[in-house]
Structures are given as C-alpha cells and as structure tokens.
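Input: a single structure, listed below in structure tokens.
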Amino acid sequence: MENCIFCKIAAKEIPSNAVYEDEEIYCFHDLEPQAPVHVLIIPKKHFASLNEVTESAEDKELLGHLMAKVGQIADILGLENGYRLVNNCGEDGMQTVPHLHFHLLGKRKLTWPPG
Ligand code: AMP
Ligand code: ZN
C-alpha cells in the first residue's frame with residue numbers, strides 16, 4: 001500500500017530495528033517504547049486494521065502464522081516472565097498507524113486494565 005509507513009518499514013524503505021522476519025511477518029522495535037521491551041509484529045500484507053481481516057484461507061493462514069510466532073519472538077526477547085500482546089483498533093482503540101500491528105510489551109509489571 002502506497003504511503004503506508006509500516007508497508008515501507010516491511011519493504012526496508014524506512015529503517016527499523018528488526019527482531020524477527022520471515023516471508024509473511026516482520027517484527028521490529030517500537031520508536032517510543034512503553035515498556036523496557038516494546039516491539040511491533042506486523043503482517044507484510046497491508047490490512048488497515050483487524051477489521052479488514054477476512055475468513056479467507058489466505059488471511060486465516062497469515063494471522064494464524066503470526067500468532068503462532070509470538071511465543072518464539074517472546075523467547076528471542078527474553079520475555080520468559082510473561083508479556084502483553086495488544087492490538088489497538090480504530091478510533092476508540094486509539095490506533096494511530098493504519099496498518100495492522102500487534103504490540104508485544106514486557107520486562108515490567110504491566111497494569112490492568114489499560115487506560
Ligand atoms: P498504534 O497507536 O496502536 O497505532 O501504534 C502505533 C505504534 O507505532 C506506536 O507505538 C508508535 O510509537 C509506533 N511507530 C510509529 N512509527 C514508527 C516507526 N517508524 N518505527 C517504529 N515504531 C513506530
Ligand atoms: Zn501498510
């Protein structure tokens with residue numbers, strides 16, 4: 001998707017600090033970390049938000065793959081004590097970047113409920 005910052009990050013047109021990458025997903029450090037470890041996990045395919053994910057076999061495979069990799073990414077980051085995986089969706093969800101992404105936060109005690 002043209003003019004999408006995370007599409008550009010996935011395509012290496014904009015630099016980022018990579019943690020994990022394969023053909024379908026990319027994980028990189030958040031620019032403004034809200035915890036000692038704060039990374040973003042994105043599908044390389046553009047979805048504006050979780051609401052654009054369909055029940056097509058392709059989308060289910062991709063999102064299933066992303067979720068199945070979270071534990072491995074948490075291991076890479078040393079999150080053996082636990083973590084939080086967050087998706088902000090739409091205006092009320094305070095989503096600011098319109099490319100589907102999951103925040104993975106850890107290495108501090110996270111409060112609940114989030115603000
Ligand atoms: P959200 O508010 O859920 O849409 O999250 C967007 C996240 O993207 C925020 O935590 C930002 O700090 C982060 N972010 C925005 N631009 C970049 C960038 N170029 N590299 C890394 N993280 C970014
Ligand atoms: Zn995009």
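The values are calculated or read from the model by the stated rules, or taken from the named source; none is laboratory data. The model shown is predicted, which means the values in this text are computed figures rather than measured ones. Every residue, glycine as well, gets a Cβ built from its backbone with ideal geometry; the counts of neighbours run over all protein chains shown. Remember, those area values only see protein heavy atoms, side chains included, never the ligands or the DNA or RNA. Shrake-Rupley method; radii C 1.70, N 1.55, O 1.52, S 1.80 Å.
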Filtering the range 39-63 down to residues that are touching a Gly at 6+ places or on another chain (Cβ under 8 Å) and open to solvent by less than 40 Å² (accessible area, probe 1.4 Å) yields 49
Could you give me the residue pairs with C-beta distances under 8 Å whose first residue belongs to the range 1-30 and is more than 9 Å from ligand 2 (Cβ to nearest atom), whose second residue is polar (S, T, N, Q) and open to solvent by 90 Å² or more (accessible area, probe 1.4 Å) wherever it lies, and which are 6+ apart or on separate chains?
28/17; 29/17
Among the residues of the range 64-87, write down those that are open to solvent by less than 40 Å² (accessible area, probe 1.4 Å) and among the hydrophobic types (A, V, I, L, M, F, W, C).
66, 70, 73, 74, 77, 79, 86
Subset of the range 10-28, residues open to solvent by 70 Å² or more (accessible area, probe 1.4 Å), in contact with a strand residue (DSSP E or B) (Cβ under 8 Å, 6 or more places away or on another chain) and either under 18 Å from residue 71 (Cα atoms) or among the β-branched types (Val, Ile, Thr) (or both), comes to 21
Among the residues of the range 37-53, is any away from ligand 2 (no atom under 16 Å from the Cβ) and more than 14 Å from the chain's Cα centre (by Cα)?
no
For the list (1) open to solvent by 50 Å² or more (accessible area, probe 1.4 Å); (2) part of a helix (DSSP H, G or I), I need the number of the one condition that residue 33 fails.
(2)
Answer yes if at least one residue in the range 97-109 is assigned to a loop (DSSP other than H, G, I, E, B), surrounded by fewer than 17 Cβ atoms within 10 Å (Cβ to Cβ) and touching a Pro at 6+ places or on another chain (Cβ under 8 Å), and no otherwise.
yes
Would you point out the residue of the range 3-18, among those that are among the β-branched types (Val, Ile, Thr) and not in a loop (DSSP other than H, G, I, E, B), that is farthest from residue 73 (Cα to Cα)?
5
